[in-house]
Amino acid sequence: MPVLNEAKVLRNTLNNLKLSGNEELIIVDGGSSDDTLSIAREFSENVFETKTGRASVMNYGAKKATGDILLFLHADCILPDSGLKTIRKTLRKDNISAGGFYLGIDHPKTVYRIIEFGANLRSVVASLVYGDQGIFLKKDTFTRVGGFTEIPLMEDIELSIKLKKLGKIALVRPPMKSSPRRWLEEGALYSTLRDWSIAFSYSFLGISPEKLFRYYKDVR
(Lines give C-alpha, C1' and ligand atoms only; values in the text may rest on other atoms or scores of the structure.)
Protein backbone atom coordinates (compact mmCIF):
# COMPACT_ATOMS: atom_id res chain seq x y z
CA MET A 1 0.00 0.00 0.00
CA PRO A 2 1.55 3.31 -1.09
CA VAL A 3 0.66 6.19 1.23
CA LEU A 4 1.23 9.93 1.40
CA ASN A 5 -0.63 12.08 3.96
CA GLU A 6 -3.50 9.59 4.25
CA ALA A 7 -4.25 9.98 7.97
CA LYS A 8 -7.90 10.89 7.28
CA VAL A 9 -8.74 7.59 5.59
CA LEU A 10 -5.99 5.10 6.42
CA ARG A 11 -7.35 3.69 9.69
CA ASN A 12 -10.74 2.99 8.13
CA THR A 13 -9.16 1.24 5.14
CA LEU A 14 -6.92 -0.92 7.31
CA ASN A 15 -9.72 -1.78 9.74
CA ASN A 16 -11.65 -3.14 6.77
CA LEU A 17 -8.71 -5.16 5.44
CA LYS A 18 -9.29 -8.71 6.69
CA LEU A 19 -5.94 -10.51 6.55
CA SER A 20 -5.12 -14.03 7.64
CA GLY A 21 -1.77 -15.56 8.50
CA ASN A 22 -1.26 -16.20 4.79
CA GLU A 23 -0.93 -12.52 3.87
CA GLU A 24 1.43 -9.70 4.76
CA LEU A 25 0.65 -6.00 4.83
CA ILE A 26 3.42 -3.78 3.49
CA ILE A 27 2.93 -0.01 3.72
CA VAL A 28 5.38 2.34 2.04
CA ASP A 29 5.22 6.04 2.85
CA GLY A 30 6.37 8.58 0.29
CA GLY A 31 7.08 11.43 2.73
CA SER A 32 3.98 12.12 4.83
CA SER A 33 3.81 15.14 7.14
CA ASP A 34 0.68 14.02 9.04
CA ASP A 35 -0.03 10.98 11.26
CA THR A 36 0.02 8.46 8.42
CA LEU A 37 3.13 6.64 9.64
CA SER A 38 1.94 6.25 13.23
CA ILE A 39 -1.43 4.91 12.07
CA ALA A 40 0.25 2.49 9.65
CA ARG A 41 2.44 1.10 12.44
CA GLU A 42 -0.68 0.22 14.43
CA PHE A 43 -1.51 -2.35 11.76
CA SER A 44 1.81 -3.64 10.41
CA GLU A 45 5.44 -4.12 11.30
CA ASN A 46 6.28 -3.76 7.61
CA VAL A 47 6.15 0.02 7.33
CA PHE A 48 8.83 1.73 5.26
CA GLU A 49 9.68 5.28 4.27
CA THR A 50 11.05 6.46 0.94
CA LYS A 51 10.60 9.98 -0.41
CA THR A 52 10.00 9.17 -4.04
CA GLY A 53 7.12 9.10 -6.51
CA ARG A 54 4.20 6.66 -6.32
CA ALA A 55 5.57 4.24 -8.92
CA SER A 56 8.89 4.04 -7.11
CA VAL A 57 7.14 3.61 -3.76
CA MET A 58 5.14 0.65 -5.10
CA ASN A 59 8.22 -0.92 -6.67
CA TYR A 60 9.97 -0.60 -3.31
CA GLY A 61 7.10 -2.34 -1.54
CA ALA A 62 7.02 -5.14 -4.12
CA LYS A 63 10.69 -5.86 -3.48
CA LYS A 64 9.97 -6.20 0.24
CA ALA A 65 7.13 -8.69 -0.35
CA THR A 66 7.86 -12.33 0.44
CA GLY A 67 4.70 -13.83 -1.08
CA ASP A 68 4.10 -14.95 -4.65
CA ILE A 69 1.08 -12.68 -5.28
CA LEU A 70 1.04 -8.87 -5.13
CA LEU A 71 -1.96 -6.60 -4.54
CA PHE A 72 -1.46 -2.85 -4.88
CA LEU A 73 -4.18 -1.25 -2.75
CA HIS A 74 -4.70 2.52 -2.51
CA ALA A 75 -5.26 3.96 0.95
CA ASP A 76 -8.71 5.31 0.07
CA CYS A 77 -10.02 2.03 -1.39
CA ILE A 78 -11.81 -0.75 0.51
CA LEU A 79 -11.14 -4.32 -0.63
CA PRO A 80 -14.31 -6.47 -0.73
CA ASP A 81 -14.53 -9.15 1.98
CA SER A 82 -14.02 -11.93 -0.57
CA GLY A 83 -11.29 -9.99 -2.39
CA LEU A 84 -8.26 -12.07 -1.39
CA LYS A 85 -10.04 -15.33 -2.21
CA THR A 86 -11.10 -13.91 -5.58
CA ILE A 87 -7.53 -12.84 -6.37
CA ARG A 88 -6.14 -16.31 -5.72
CA LYS A 89 -8.88 -17.99 -7.75
CA THR A 90 -8.39 -15.62 -10.70
CA LEU A 91 -4.62 -16.02 -10.86
CA ARG A 92 -4.89 -19.82 -10.99
CA LYS A 93 -6.12 -19.51 -14.57
CA ASP A 94 -3.37 -20.04 -17.12
CA ASN A 95 -4.38 -17.27 -19.52
CA ILE A 96 -4.54 -14.48 -16.90
CA SER A 97 -1.56 -12.15 -16.54
CA ALA A 98 -3.11 -9.83 -13.95
CA GLY A 99 -6.37 -8.42 -12.73
CA GLY A 100 -8.25 -5.71 -10.95
CA PHE A 101 -11.68 -5.14 -9.42
CA TYR A 102 -14.63 -3.38 -10.94
CA LEU A 103 -14.78 0.17 -9.62
CA GLY A 104 -17.42 1.11 -7.06
CA ILE A 105 -17.60 4.67 -5.73
CA ASP A 106 -18.70 5.04 -2.11
CA HIS A 107 -21.44 7.63 -2.66
CA PRO A 108 -25.23 7.18 -3.16
CA LYS A 109 -25.83 9.78 -5.90
CA THR A 110 -26.78 8.59 -9.38
CA VAL A 111 -23.97 10.55 -11.02
CA TYR A 112 -21.45 8.19 -9.39
CA ARG A 113 -23.22 5.15 -10.86
CA ILE A 114 -22.76 6.76 -14.27
CA ILE A 115 -19.06 7.39 -13.57
CA GLU A 116 -18.66 3.78 -12.41
CA PHE A 117 -20.33 2.46 -15.54
CA GLY A 118 -18.12 4.54 -17.81
CA ALA A 119 -14.92 3.67 -15.95
CA ASN A 120 -15.68 -0.04 -15.90
CA LEU A 121 -16.67 -0.08 -19.56
CA ARG A 122 -13.38 1.67 -20.40
CA SER A 123 -11.43 -0.92 -18.42
CA VAL A 124 -13.14 -3.85 -20.13
CA VAL A 125 -12.94 -2.48 -23.67
CA ALA A 126 -9.35 -1.24 -23.41
CA SER A 127 -8.23 -4.11 -21.14
CA LEU A 128 -6.68 -1.66 -18.69
CA VAL A 129 -6.72 -1.73 -14.91
CA TYR A 130 -6.23 1.45 -12.90
CA GLY A 131 -4.70 1.99 -9.48
CA ASP A 132 -8.03 2.51 -7.69
CA GLN A 133 -9.19 -0.90 -8.91
CA GLY A 134 -6.62 -2.84 -6.89
CA ILE A 135 -4.09 -4.16 -9.39
CA PHE A 136 -3.10 -7.75 -8.59
CA LEU A 137 -0.68 -10.19 -10.24
CA LYS A 138 1.94 -12.81 -9.47
CA LYS A 139 5.22 -11.44 -8.21
CA ASP A 140 7.23 -13.21 -10.92
CA THR A 141 5.01 -11.59 -13.56
CA PHE A 142 5.59 -8.18 -12.00
CA THR A 143 9.34 -8.79 -12.07
CA ARG A 144 9.17 -10.08 -15.64
CA VAL A 145 7.66 -6.83 -16.97
CA GLY A 146 10.03 -4.66 -14.94
CA GLY A 147 7.50 -3.42 -12.40
CA PHE A 148 5.97 0.03 -12.58
CA THR A 149 7.67 2.45 -14.94
CA GLU A 150 8.90 5.27 -12.73
CA ILE A 151 6.97 8.16 -14.24
CA PRO A 152 4.97 10.85 -12.36
CA LEU A 153 1.59 9.76 -13.75
CA MET A 154 0.00 6.92 -15.73
CA GLU A 155 2.17 4.22 -14.19
CA ASP A 156 -0.91 1.99 -13.90
CA ILE A 157 -1.77 2.33 -17.60
CA GLU A 158 1.84 1.68 -18.58
CA LEU A 159 1.87 -1.48 -16.46
CA SER A 160 -1.39 -2.66 -18.05
CA ILE A 161 0.05 -2.16 -21.52
CA LYS A 162 3.01 -4.38 -20.62
CA LEU A 163 0.82 -7.01 -18.97
CA LYS A 164 -1.56 -7.30 -21.94
CA LYS A 165 1.32 -8.75 -23.95
CA LEU A 166 1.54 -11.68 -21.53
CA GLY A 167 -2.13 -12.58 -21.17
CA LYS A 168 -5.61 -11.41 -20.33
CA ILE A 169 -6.23 -8.77 -17.67
CA ALA A 170 -9.26 -9.90 -15.65
CA LEU A 171 -11.86 -7.57 -14.13
CA VAL A 172 -13.53 -9.18 -11.12
CA ARG A 173 -16.41 -8.60 -8.72
CA PRO A 174 -17.49 -7.62 -6.07
CA PRO A 175 -16.34 -4.08 -6.84
CA MET A 176 -13.59 -2.22 -5.04
CA LYS A 177 -15.12 0.56 -2.94
CA SER A 178 -13.31 3.80 -3.75
CA SER A 179 -13.54 7.09 -1.86
CA PRO A 180 -15.45 9.85 -3.69
CA ARG A 181 -13.15 12.55 -2.27
CA ARG A 182 -11.59 13.55 -5.60
CA TRP A 183 -14.94 13.99 -7.34
CA LEU A 184 -16.41 15.81 -4.34
CA GLU A 185 -13.55 18.30 -4.12
CA GLU A 186 -13.03 18.97 -7.81
CA GLY A 187 -16.55 18.36 -9.11
CA ALA A 188 -17.77 15.08 -10.56
CA LEU A 189 -17.96 16.22 -14.20
CA TYR A 190 -14.70 18.16 -14.22
CA SER A 191 -12.71 15.46 -12.45
CA THR A 192 -14.03 12.69 -14.70
CA LEU A 193 -13.44 14.56 -17.95
CA ARG A 194 -9.99 15.70 -16.82
CA ASP A 195 -8.91 12.18 -15.85
CA TRP A 196 -10.22 10.67 -19.08
CA SER A 197 -8.53 13.40 -21.11
CA ILE A 198 -5.20 12.74 -19.40
CA ALA A 199 -5.51 8.99 -20.00
CA PHE A 200 -6.46 9.54 -23.66
CA SER A 201 -3.63 12.03 -24.19
CA TYR A 202 -1.11 9.58 -22.78
CA SER A 203 -2.43 6.40 -24.42
CA PHE A 204 -3.31 7.69 -27.89
CA LEU A 205 -1.58 11.04 -28.38
CA GLY A 206 1.74 10.11 -26.79
CA ILE A 207 1.90 13.19 -24.54
CA SER A 208 4.49 12.65 -21.81
CA PRO A 209 3.45 12.05 -18.16
CA GLU A 210 5.71 14.94 -17.14
CA LYS A 211 3.58 17.36 -19.20
CA LEU A 212 0.28 15.82 -18.14
CA PHE A 213 1.16 15.88 -14.45
CA ARG A 214 0.68 19.64 -14.26
CA TYR A 215 -3.07 19.11 -14.87
CA TYR A 216 -3.42 16.53 -12.10
CA LYS A 217 -4.30 17.73 -8.61
CA ASP A 218 -3.24 15.68 -5.61
CA VAL A 219 -6.36 15.37 -3.42
CA ARG A 220 -6.14 14.15 0.19
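Tabulated data for the structure shown
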| item | result |
| --- | --- |
| Total charge dipole magnitude, region 12-167, about the Cα centre, Cβ charges on Lys, Arg, Asp, Glu only, Debye to nearest 20 | 780 debye |
| Tensor-based shape of region 1-81 (alpha-carbon gyration tensor, a/c under 1.5 rounded, otherwise prolate or oblate) | oblate |
| Percent accessible area from carbon and sulfur atoms, region 1-65, protein chains only, probe 1.4 Å | 43 percent |
| The chain, helix-only ellipticity at 222 nm - DSSP H runs n ≥ 4, -39,500 (n - 2.57), divided by all residues, nearest 500 | -12500 deg cm²/dmol |
| Extension gain (nm, one decimal) between Phe213 and Arg173, 0.36 nm per residue minus Cα-Cα | 11.3 nm |
| Cut-off 15 Å (backbone N to label point 7 Å along Cα→Cβ of Lys51), residues of region 2-26 | 4-5 |
| Residue-normalised accessible area of the chain, expressed per residue, 1.4 Å probe, Å² | 52 Å² |
| Highest average packing first - 46-59, 190-203, 148-161, Cβ atoms within 10 Å | 148-161, 46-59, 190-203 |
| Accessible-area composition of region 139-220, carbon plus sulfur, in percent [1.4 Å probe] | 58 percent |
| 10 Å-binned pair-distance histogram of the chain (Cα, whole percent) | 8, 34, 41, 16, 0 |
| Leu25 paired with Lys93, simple spin-label distance in nm, labels 7 Å along Cα-to-beta-carbon | 3.0 nm |
| Reachable lysines, given that their alpha-carbon falls under 26 Å from the alpha-carbon of Lys211 and they are not under 8 places away in the same chain | Lys51, Lys162, Lys164 |
| Cut-off 13 Å between beta-carbons: net charge of the residues surrounding Pro108, Lys and Arg +1, Asp and Glu -1 | +1 |
| Solvent exposure ordering (accessible area, 1.4 Å, most first) of Asp106, Asp29, Asp68 | Asp68, Asp106, Asp29 |
| Loop-resident sites, region 155-189, for trypsin sites (Lys or Arg not before Pro), counting at most 10 other Cβ within 10 Å (DSSP) | Lys165 |
| Label-point separation in nm, Ser127 to Val111, each point 7 Å along Cα→Cβ | 3.5 nm |
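The values are calculated or read from the model by the stated rules, or taken from the named source; none is laboratory data. Because the structure is predicted, anything quoted here is derived from the model rather than measured. Virtual Cβ from ideal backbone geometry, glycine too; neighbours counted across all protein chains shown. Heavy atoms of the whole protein, side chains included, go into the accessibility calculation; ligands, DNA and RNA do not. Shrake-Rupley method; radii C 1.70, N 1.55, O 1.52, S 1.80 Å.
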